[in-house]
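No lab work stands behind these numbers, since they all come straight from the coordinates. No experiment lies behind these values; they were computed from the predicted model shown. All Cβ positions, even for glycine, are placed from backbone atoms using ideal geometry, and neighbour counts span all protein chains on display.
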Amino acid sequence: MGGGITGLAAAHRCLEASGERGGPVALTLCEAADRLGGTVGTERVDGFLIERGADSFLSDKPGALSLCERLGLGPSLRSTDDRFRRVYVVQGGRLVPVPEGFLLLAPTRLGPVLRSPLFSWSGKARMALDLVLPRRRAGGDESLGAFVRRRLGRQVLERAVQPLAAGIYTADPDRLSLAATMPRFPVIERQHRSVILGLRRTARAAETTGAAGPRFSLFVTLAGGMGELVDALAAWLPAGTARLGVAATRVDHGDAAAGWRVRLETGEVLPADGLVLAGPAPRMAPLVESLDTRLADRLREVSYVSSASVVLAYRRAAVRHPLDAFGYLVPRVERRATIACTFSSVKYPSRAPDGFVLLRCYLGGELDRAILDRDDLELARLAQADVGDLLGVTGAPVLCRVRRHRDAMPRYDVGHLDRLAAIDRHLAALPGLHLVGAAYRGVGIADCICAGEEAADRLLGADPDRVCATSARG
């Protein structure tokens, strides 16, 4: 519901499944914005390919790959250039590679960590204590920051995990729920006690049982950018299905015969047998207020974080750094304006013309909200200053684009899974109504696609005649 990637995936699955079952379905998709795709889209300027939002999806979650194949986008799928599959971290004004084998929160190999200048010897010794520390005895959720500090020490948190969390969630790791964001790690601690030993054992087991290598790298995109996916999904919609610039204001439910009613800001009322509400959780709250005030309250509890991106293009000769990685992360302790930078034209081919490079810098997030009060010119200047210092860039960029992402990233706070359980209990009393999107069970493109498709399948399991997908204006 809504015209973002989740709503489009739900709409596509409704149409696809109805065709498989031989029963037609009448579907209306209402989108408050004037375009489909939500945060996903692609801009092409002077030979450069610029993403509005996400530049890829994960291949280890099969939903997105499967959808692309079914849409006929298989020939357009592109893997990362894994010759450069590493990431730098800024330390003391220079770029230091993340040690080989360092997996999200902890190392799978001690040798590269011991040789790395990223951590001091005292930090390395503290990290090694994980090998002998006992399991956590307390139950319940724990923050990502608390887990890393407890198992591996403050230095690992500050120099590796915090910038990683900023890069993925633009959030403070001391507020993020470990169980909701990285559920693998509490399981590893319970099963193996030591996180380092557990990662090494699971890695060896995967090598022993693994079959042939994967067809794609971990990160996958489309040759023409992620906007290709939006265009392909939109092309599936029958004429008149998508209504742009139309926001929903209220959802009501009558008796079983009357079904659902969706009131639009135009005053029009749409009847439906099933509803998929796909959009930011707080924006969905007013729609369901008349149905269940406690459900609306729960949706308002989901917090969001804002950020900005600055895309910069330079002549390759103007950049001294070899750009032999996917990009770099900036720990908060470095006190820089940017929180990360992706080397877009290195990560994927054909993002920049020959002789040029395309960089994408990120600013803001939860730990630096105030920087977003500055105007676009100042954000661009700050990003240029950082890449100039860290990458040895000389001269002005040949292209600069600033984009603000207001309340674009949901923050999975400690207790997030309990909140989801409560939301599910409220929805159980409202059969035929589904809430999906990045706010609930995964922020990635693949997560959102799976959520939308699962909601569509649940709806059609009841064999509805009409499905209405809609969004509220924020």
In nm, what is the difference between 0.36 nm times the number of residues separating Arg320 and Thr266 and their Cα-Cα distance?
-> 13.9 nm
In the neighbourhood of Ile449 defined by beta carbon distances under 10 Å, the net charge of the other residues (Lys, Arg +1; Asp, Glu -1) is -1
Quick calc: nm separation of the 7 Å Cα→Cβ label points for Val132 and Leu218 -> 3.1 nm
Counting pairs of alpha carbon atoms under 8 Å apart in space and at least six apart in sequence, what relative contact order in percent does region 98-209 give?
-> 30 percent
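Specify, per residue and in Å³, the volume enclosed by the convex hull of the alpha carbon atoms belonging to the chain.
Spelled out: Cα convex hull of the chain, divided by residues, is 156 Å³.
Express the relative contact order of the chain as a whole percentage, based on alpha carbon pairs under 8 Å and six or more residues apart in sequence.
Computed over the chain, the figure is 28 percent.
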Burial ranking of peptide ranges 442-449, 292-299 (average Cβ count within 10 Å, highest at the top) | 442-449, 292-299
Whole-number percent relative contact order across region 306-412, with pairs defined as alpha carbons under 8 Å at least 6 apart | 44 percent
Take Arg35, project a point 7 Å from its Cα along the Cβ direction, then tell me which residues of region 53-87 have their backbone nitrogen under 17 Å from it.
-> 53-56
So how much slack lies between Val96 and Asp81, counting 0.36 nm per residue of separation and subtracting their Cα-Cα distance, in nm?
-> 3.4 nm
For region 98-209, what is the charge dipole size about the Cα centre, in debye to the nearest 20, if Lys and Arg each add +1 at the Cβ and Asp and Glu each add -1 at the Cβ?
-> 440 debye
The chain - charge dipole about Cα centre, Lys and Arg +1 at Cβ, Asp and Glu -1, debye rounded to 20 | 2060 debye
Simple label model, 7 Å out from Cα along Cβ direction - Arg406 to Leu104, nm | 3.3 nm
For region 98-209, state the average projected area of the convex hull of the C-alpha atoms over all orientations, rounded to one decimal in nm².
-> 6.9 nm²
Expected 222 nm ellipticity per residue - DSSP helices of 4 or more, -39500 (n - 2.57), all of the chain, to 500 = -10000 deg cm²/dmol
So Ala370 and Asp46, fully extended at 0.36 nm per residue minus their Cα-Cα distance, gain in nm 113.4 nm
Largest-first principal axis extents of the Cα set of region 304-408 (Å) | 38, 24, 23
